[in-house]
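What follows draws every value from the coordinates through simple rules; no lab data is involved. A quick note: this is a predicted structure, and the numbers were derived from the prediction, not measured. Neighbour counts run over all protein chains shown; Cβ positions are idealised from the backbone, glycine included.
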Amino acid sequence: MSKMRFFALQELANRQPLEVTTPSNKLSDYYGSHVFDRKKMQEYLPREAYKAVTDAIEKGTPINREMADLIANGMKSWAKSLNVTHYTHWFQPLTDGTAEKHDGFIEFGEGTEVIERFSGKLLIQQEPDASSFPNGGIRNTFEARGYTAWDVSSPAFVVDTTLCIPTIFISYTGEALDYKTPLLKALAAVDKAAPRSCRRWSRASAAPTWRRENARRPPRPFRNSSGQAAFPRRSGRRAAPVPARKCRFWGGSHKAPR
């Protein structure tokens, strides 16, 4: 066991650094080139499909089946231009890592023939084996059934020859089985509560009270009965404590009246 450590250190010492060749000397030429961002969506998607995606990202509008098929077809065309052969639903289960479910761009026809196709059904939802991931004891192992759903707020990307589609991972009954679903729920709750709070704060700041305005002005002196200048006491200042009067019931056996 002690020799294995020295062998590992010797292997690290003899390891040569890898040479990384960049596509261009300018970073902006290839930054985000393998990400299906809005610029590539405008290029590969029809106008109505692009609008459906942007409305789903910004307003949370649901995407119907027809638009999903158009989006999946455009995403597959973009991925094929980068020599992609497979796609995967990429999610973050409760294992402090990532998980993937790989599939090919094929479907079986009516007979035994194979058709190269990527439909909206495959883009939006998949069914990986949830029994392989921790679930917090919310169900039995033989009832394990998990679903991955496409997260439109995160763009798809390409790694090597695989199209990675960011998804969430939930159980059959709707419980979150990943780290991303609670985050998206929290963001939705903040988006719902923030406009209401902003409107309340804007109304409060737009109509300041006269007390707040007058508090900034210095107090004006006045003349008392002897003719000396005196300043009024500010209403916001704390009054001096009044000495407590001894109650006639203190020290006795009688109870103080309520």
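Do you know which residues across the range 1-31 are of a type in the set (Asp, Glu) and surrounded by 10 or more Cβ atoms within 10 Å (Cβ to Cβ)?
Residue satisfying the conditions is 29 alone.
Could you tell me how many of the residues in the range 36-48 are under 16 Å from residue 151 (Cα atoms) and either touching a Ser or Thr at 6+ places or on another chain (Cβ under 6 Å) or of a type in the set (A, V, I, L, M, F, W, C) (or both)?
Looking only at that region, the number is 2.
Among the residues of the range 44-55, what is the count of those that are surrounded by 13 or more Cβ atoms within 10 Å (Cβ to Cβ) and either over 23 Å from the mean Cα position of the chain (by Cα) or among the charged types (D, E, K, R) (or both)?
6
With the checklist (1) out of contact with any Cys (no Cβ under 8 Å at 6 or more places or on another chain); (2) within 19 Å of residue 150 (Cβ to Cβ) in hand, flag the one item residue 85 doesn't pass.
Unmet condition: (2).
Could you grab the pairs with beta carbons closer than 9 Å, sequence gap of 6+ or different chains, first residue in the range 184-200 and surrounded by 10 or more Cβ atoms within 10 Å (Cβ to Cβ), second one in a helix (DSSP H, G or I)?
Final answer for the pair search is none.
If residue 51 passes every condition in (1) of a type outside the set (Val, Ile, Thr); (2) part of a helix (DSSP H, G or I); (3) touching a residue at least 12 places away in the same chain (Cβ under 8 Å) but one, which one does it miss?
Only one criterion in (1) of a type outside the set (Val, Ile, Thr); (2) part of a helix (DSSP H, G or I); (3) touching a residue at least 12 places away in the same chain (Cβ under 8 Å) is unmet by residue 51, namely (3).
Take residue 58 and decide whether it is exposed (fewer than 11 other Cβ atoms within 10 Å of the Cβ), of a type in the set (Asp, Glu) and within 24 Å of the chain's Cα centre (by Cα).
Spelling it out, residue 58 is indeed exposed (fewer than 11 other Cβ atoms within 10 Å of the Cβ), of a type in the set (Asp, Glu) and within 24 Å of the chain's Cα centre (by Cα).
State whether one or more residues within the range 73-89 are of a type in the set (S, T, N, Q), assigned to a strand (DSSP E or B) and buried (at least 18 other Cβ atoms within 10 Å of the Cβ).
yes
Which condition from (1) under 23 Å from the mean Cα position of the chain (by Cα); (2) farther than 18 Å from residue 126 by Cβ; (3) basic (Lys, Arg) is the one that residue 101 breaks?
The number of the failed condition is (2).
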